[in-house]
Amino acid sequence: MKLNTNNNAYIIIYSAILVVIVAFLLAFVYQALKPMQDANVALDVKKQILYSLNIRDLSDAEAEATYQKLLTKVDSIGEGKERKPYIYYFKVDNQVKYVFPMKGMGLWGGISGFISLNEDKNTVYGAYFNHESETAGLGAEIKDSQEWQEKFQGKKVFDEAGAVAIGVEKNVEDAKKAYEVDAVTGATLTSNGVRDMLRDGFKQYEKFLKEK
């Protein structure tokens, strides 16, 4: 008996079978590629951390080897639900560097970064910022401009009163140049997001940073 391919039941069954097959194939491909994707994400995070340590322009293999060589410890502070994001300990040129992950909001989406401090726990050694979706040539400069990121080097996290003062502002006053960096031109809201991310982020670690 010849199948009636114009029959509604046939079309529905045929379509359902195709959907199941395609879904199975997609799930299989996803599971097969997931370990590779996870490895790529982990490597990208390691590269970003190295960028915050002013170590750039490495191949994937060099980045992995350098990260493993310089990393001495990964730790967090607090207990249970109060545990804070990780603190990465590195030894660079025989000097201790602390790297802190940061997360915040920009104009169009999430922003993130890694900030490294010297052993005094107050002086910025290096910085790297990333974003999910900011305007090319404006807010995206927080990621794309190495020159802007390097302006954070040498800035202090705390002011003389002990308050978290590091930040990003338009036309930084002379009295605040030790803590603040000029905002990205034309990207006020993204720059404000970086400022808030840094201040909120370092407040989480304030107790650790003030321990000598």
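To the nearest 0.05, what FRET efficiency results for Ile13 and Asp44 with a Förster distance of 30 Å applied to their C-beta separation?
0.10
Once you mark the GluC sites (Glu not before Pro) that are in a DSSP loop and have at most 15 other Cβ atoms within 10 Å, what is the longest gap between them in the chain?
Here the longest segment lacking exposed loop sites spans 1-78.
What FRET efficiency, computed as 1/(1 + (r/R0)^6) with R0 = 25 Å and r the Cβ-Cβ distance, is obtained for Lys156 and Leu71, rounded to the nearest 0.05?
In this case the efficiency is close to 0.50.
What number, rounded to the nearest 500 deg cm²/dmol, is the helix-based mean residue ellipticity at 222 nm of the chain, given -39500 (n - 2.57) per DSSP H run of at least four residues and division by all its residues?
For the chain, the value works out to -13500 deg cm²/dmol.
Using Cα positions and a limit of under 17 Å, work out the aspartates and glutamates in reach of Lys207, with same-chain residues fewer than 8 apart set aside.
In chain and number order, the partners are Asp75, Glu79, Glu82, Glu119, Asp120, Asp159, Glu160.
When N is the residue count of region 120-212, what does its C-alpha Rg come to as a fraction of 2.2 N^0.38 Å?
Taking the Cα Rg and dividing by 2.2 N^0.38 Å, one obtains 1.06.
Any chance you could give the angle, 0 to 90 degrees and rounded to 10, that helix 8-52 forms with the longest Cα principal axis of the chain?
20
Percent of alpha carbon pairs in the chain separated by more than 30 Å?
Tail of the P(r) past 30 Å holds 36 percent of the pairs.
Pairing the Cα long axis of helix 60-70 with the longest principal axis of the chain, what angle in degrees results, from 0 to 90 and rounded to the nearest 10?
40
With 24 Å as the limit, write out which pairs from Lys47/Lys176; Lys69/Lys151; Lys73/Lys121 have Cα-Cα distances beyond it, or answer none.
Lys47/Lys176; Lys69/Lys151
May I ask for the angle, rounded to the nearest 10°, between helix 188-204 and the longest principal axis of the chain, with both axes built from Cα atoms and the value confined to 0 to 90°?
The answer is roughly 70 degrees.
All of the numbers you see were taken from the coordinates with simple rules; none came from a lab. Quick caveat: nothing in here was measured; it's all calculated off a predicted structure. For neighbour counting, all protein chains shown are included, and Cβ atoms are generated from backbone atoms with ideal geometry for every residue, glycine included.
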